[in-house]
Amino acid sequence: MENIKSLCVYCGANFNGDETLKQAIVDLAKTMVAQEIDLVYGGGSVGVMGVIANEVLKLNGTVTGVIPQFLMDKEVGHKDITQMIITENMHQRKQKMADLSDGFVILPGGFGTLEEFFEVLTWLQLGLHAKPIGVLNVGGFYDPLFAQMDMMVQHRFLKQANRDLVFNEADPAVLVNKMQGFSAKPDEVWFRDRNLT
């Protein structure tokens, strides 16, 4: 693939104040701006979302937020980003974020972050896009999730080739550099060989 020009970052609307996580976000912002990669994110001013947007803005990077109207009405939209796109609903928001991005980075978060992660990962498995997906696994936050994926492979609900589609790194620069060289090779036999016994 061509060089990544924009990354969609999925992350939490909460921030627990963890200094290790804050440093990882700072390092991710530096890596992105140094490689002239624009940030696409959920448009919020709060939580980890607000932290990553502010760090990219501090470095004069470009930040595009995508937020549904009902969240703007709750006044959680970031007022100082480069561009804000307002959608009618969450489904349009997720589609627009994906369309604007050349890849996806997952930071620590909650239900929404996991839902977004697995949606774009499923799309990659189905061949609906060929964009890299990287988990910034700060402090082993996502180790249990990767253990669950390995369990899925062990029990033959997931092909190893599809498990391997996700990058898992603790260092932002290493993660983004690996994503730059991504070539999608999902194993599509899942729809031909349904009998797993």
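Report, please, the projected area of segment 107-174 averaged over directions, based on the convex hull of its C-alpha atoms, in nm².
Computed as one quarter of the Cα hull surface, the answer is 4.7 nm².
How many angstrom lie between the C-alpha centres of segment 116-182 and segment 74-103?
23 Å
If exposed trypsin sites (Lys or Arg not before Pro) are those in a DSSP loop with at most 15 other Cβ within 10 Å, what is the longest stretch of the chain that has none?
After excluding every exposed loop site, the longest remaining stretch is 80-155.
Of the beta bridges DSSP finds with both residues in the chain, what % are antiparallel, to the nearest 5?
5 percent
Given the protein chains as shown and a 1.4 Å probe, how many square angstrom of E116 are accessible, to the nearest 10?
Counting only protein heavy atoms, the figure is 20 Å².
Among the listed pairs K79/K178; K30/K178; K94/K131; K131/K159, give every one whose C-alpha distance is greater than 22 Å.
K79/K178
Restricting to Cα pairs below 8 Å that are 6+ residues apart, what does the relative contact order work out to for segment 1-146? Please round to a whole percent.
Normalised by residue count, the contact order of segment 1-146 is 28 percent.
Specify whether the C-alpha gyration tensor of segment 1-151 places it in the rounded, prolate or oblate class, a ≥ b ≥ c being the square roots of the eigenvalues: rounded for a/c under 1.5, otherwise prolate if a/b is larger than b/c and oblate if not.
rounded
With a point put 7 Å past each Cα toward its Cβ, work out how far F111 is from V174 in nm, to one decimal.
With each label point 7 Å from Cα toward Cβ, the separation is 3.3 nm.
Please report, as a whole percent, how much of the solvent-accessible surface of the chain comes from carbon and sulfur atoms (probe radius 1.4 Å).
For the chain, the apolar C and S fraction of the accessible surface comes to 52 percent.
What order do M90, M84 take when sorted by accessible area (1.4 Å probe), most exposed first?
So, going from the largest accessible area down, we get M90, M84.
Could you tell me which of V48, L7, G181 has its Cα farthest along the dipole of the chain towards the positive end, charges placed at Cβ (Lys, Arg +1; Asp, Glu -1), taken about the Cα centre?
Of the candidates, G181 comes out farthest on the positive side.
The values are calculated or read from the model by the stated rules, or taken from the named source; none is laboratory data. Nothing here was measured: the structure is a model prediction, and the numbers come from that model. Virtual Cβ from ideal backbone geometry, glycine too; neighbours counted across all protein chains shown. Heads up: the accessible areas ignore ligands, DNA and RNA and are worked out on the full protein's heavy atoms, side chains in. Shrake-Rupley method; radii C 1.70, N 1.55, O 1.52, S 1.80 Å.
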